[in-house]
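Notes to accompany the following structure.
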Amino acid sequence: ASPSGPAAMPPNMVDSSSPEAFIRSVAPYAARVSKATGIPVEVLIGMAANETGFGKFAHGNNLFGIKGTGPAGTFNTQTWEDYGQGAVTIRDNFRAYHSPAESFLDFAKLVMTSPRYASAMGQTSVEGFVEGLRRGGYMTDPDYVRKISNIATRYDSVIKEAVRATPAAATAAAPVGN
């Protein structure tokens, strides 16, 4: 595998036993992708935590709620959207991945290469980055920016500690968009 592929990422483990354990288990992926792309590590961890219930609902290793067909196929599940009239429950197809690492890399590639998310790139705050994604239509939840900001604030010390504990080799920057 190339350095930007999943094989170059840390071991493929997501621990859903507690919010703190989840954060520690995804920190190596988030640190690596953040270093390579400039996407704030708090955004990556906060979104993965929010989208999966801190790993409890990480079907198909999809940590970012990306719809469509992924490298490992697709899975169909219930979700909800808000099109301006309140939450509506629907079923939809979501991308499946071989590993959590592949999910992080695919999220970064999507955000970096889609013109609709261009206003997010270069943002250094959680709120600025996630608001850029919202303006591009990434999510329909009107409270999404607040939710990610709250996760980043509440777990700030855990996130910082987990990223600091990530081995330097695991965070060596590598191209993501291949």
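The values are calculated or read from the model by the stated rules, or taken from the named source; none is laboratory data. Remember, it's a predicted structure, so these values are computed and weren't measured experimentally. All Cβ positions, even for glycine, are placed from backbone atoms using ideal geometry, and neighbour counts span all protein chains on display. These accessible areas exclude ligands, DNA and RNA; they are computed on the full protein's heavy atoms, side chains included. Shrake-Rupley method; radii C 1.70, N 1.55, O 1.52, S 1.80 Å.
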Exercise for review: Could you please find all residues in the stretch 85-131 being part of a loop (DSSP other than H, G, I, E, B), of a type in the set (S, T, Y) and open to solvent by less than 70 Å² (accessible area, probe 1.4 Å)?
Suggested key: Y97, S99, S114, S119, S125
Practice item. Please give the number of the condition S149 fails out of (1) closer than 26 Å to S16 by Cα; (2) among the hydroxyl-bearing types (S, T, Y); (3) without any contact (Cβ under 8 Å) to a residue 24 or more places away in the chain; (4) surrounded by 13 or more Cβ atoms within 10 Å (Cβ to Cβ). Key: (3)
Point to revise | Residues that are assigned to a helix (DSSP H, G or I) and either at pLDDT below 95 or open to solvent by 10 Å² or more (accessible area, probe 1.4 Å) (or both), drawn from the stretch 1-28 | key: P6, A7, A8, P19, E20, A21, R24, S25, P28
**Study point:** Single match in T77, T37, T69 (criterion: open to solvent by 40 Å² or more (accessible area, probe 1.4 Å) and hydroxyl-bearing (S, T, Y))
**Key:** T69
Practice item. Could you figure out which of (1) part of a helix (DSSP H, G or I); (2) open to solvent by less than 70 Å² (accessible area, probe 1.4 Å); (3) touching a residue at least 24 places away in the same chain (Cβ under 8 Å) isn't true of T140? Key: (1)
Check your understanding: Looking at this structure, is N150 in a helix (DSSP H, G or I) and polar (S, T, N, Q)?
Key -> yes
Review point. In the stretch 51-58, is there at least one residue being open to solvent by less than 10 Å² (accessible area, probe 1.4 Å), part of a helix (DSSP H, G or I) and under 21 Å from N150 (Cβ atoms)?
Key: yes
Practice item. Filter the stretch 81-132 for residues that are among the aromatic types (F, W, Y) and under 18 Å from A48 (Cβ atoms) and give the result. Key: F94, Y97, F104, F107, Y117, F129
Practice item. Consider E102 carefully, then state whether it is on the phi < 0 side of the Ramachandran plot and touching a strand residue (DSSP E or B) at 6+ places or on another chain (Cβ under 9 Å). Key: yes
Check your understanding: Quick one: which of K147, K109 is under 18 Å from V26 (Cα atoms), at pLDDT 95 or above and within 15 Å of the chain's Cα centre (by Cα)?
Key -> K109
Review point. Just to be sure, is G68 over 26 Å from A21 (Cα atoms), under 17 Å from the mean Cα position of the chain (by Cα) and not basic (K, R)?
Key: yes
Practice item. For the stretch 155-167, indicate whether the set of residues that are open to solvent by 50 Å² or more (accessible area, probe 1.4 Å), without any contact (Cβ under 8 Å) to a residue 40 or more places away in the chain and in a loop (DSSP other than H, G, I, E, B) is non-empty. Key: no
